[in-house]
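Each remark here refers to the structure printed beneath this line.
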Amino acid sequence: MNILFLQGPNLNLLGVKSSLLEEKLTLDKLNREVRRNSKKFNLKLKFLQTHKEFQAINFLQRNRNWANGIILIPTSWAYNNFTLLETIKLINLKTISVYFNNDYSLGASMSKSILKSANIKSIIGNPLKACSEALKLVSS
């Protein structure tokens, strides 16, 4: 099963947020753990972390025929990126939207997110656990 893993603005600064909590979780460590866990579910992943909306849209559109699902960590896109929402609805792939709990929040909250659709399921939690749960959900 092929999965697109799209990571939104400022996720590259996860290590900065983590250090404020006296922890050592970086985006690289998160991605390595996601890759390791993806093997349990026989998933092939393509990652993109970007701040730019057009790159995110291009990533989804260009890979839509390859992919069977999407895992999205929207960060601030959750509040205002209607183009992203429209694209996800149009390509109609099973999508898991991941929000981090308050300690790790990068400006997004599941309750205020506009990213809602029949093909989008949202989860919240610690980054490692939430991403692991997203892999499980997208593969089921």
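In region 3-17 there is at least one residue matching the filter, namely being surrounded by 14 or more Cβ atoms within 10 Å (Cβ to Cβ) and in contact with a Lys or Arg (Cβ under 6 Å, 6 or more places away or on another chain). May I ask you to list the residues in region 84-135 that are in contact (Cβ under 8 Å) with a residue 60 or more places away in the chain, over 19 Å from GLU23 (Cα atoms) and charged (D, E, K, R)? Across region 84-135, there are no qualifying residues. Being of a type in the set (Lys, Arg) and surrounded by 14 or more Cβ atoms within 10 Å (Cβ to Cβ) is a condition met by no residue of region 51-62. Within region 22-52, the set of residues being part of a loop (DSSP other than H, G, I, E, B) and either within 24 Å of ASN65 (Cβ to Cβ) or polar (S, T, N, Q) (or both) comprises THR26, ASN42, LEU43, THR50, LYS52.
Every residue, every condition in (1) over 18 Å from TRP77 (Cα atoms); (2) basic (Lys, Arg); (3) surrounded by fewer than 18 Cβ atoms within 10 Å (Cβ to Cβ), yes or no:
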| site | (1), (2), (3) |
| --- | --- |
| PHE100 | no, no, no |
| TYR104 | no, no, no |
| SER109 | no, no, yes |
| LYS112 | no, yes, yes |
| ALA118 | yes, no, yes |
| ILE123 | no, no, yes |
| LYS129 | yes, yes, yes |
| SER140 | yes, no, yes |
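Among the residues making up region 66-98, those that are of a type in the set (S, T, N, Q) and either more than 11 Å from LEU4 (Cα to Cα) or assigned to a helix (DSSP H, G or I) (or both) are THR75, SER76, ASN80, ASN81, THR83, THR87, ASN92, SER97. Exactly one residue out of THR83, THR50 is modelled with pLDDT of 95 or more, among the β-branched types (Val, Ile, Thr) and more than 20 Å from LEU137 (Cβ to Cβ), and it is THR50.
The values are calculated or read from the model by the stated rules, or taken from the named source; none is laboratory data. None of the values given here were measured: they were computed from a predicted structure. Cβ atoms come from the backbone with ideal geometry, glycine included; neighbour counts cover every protein chain shown.
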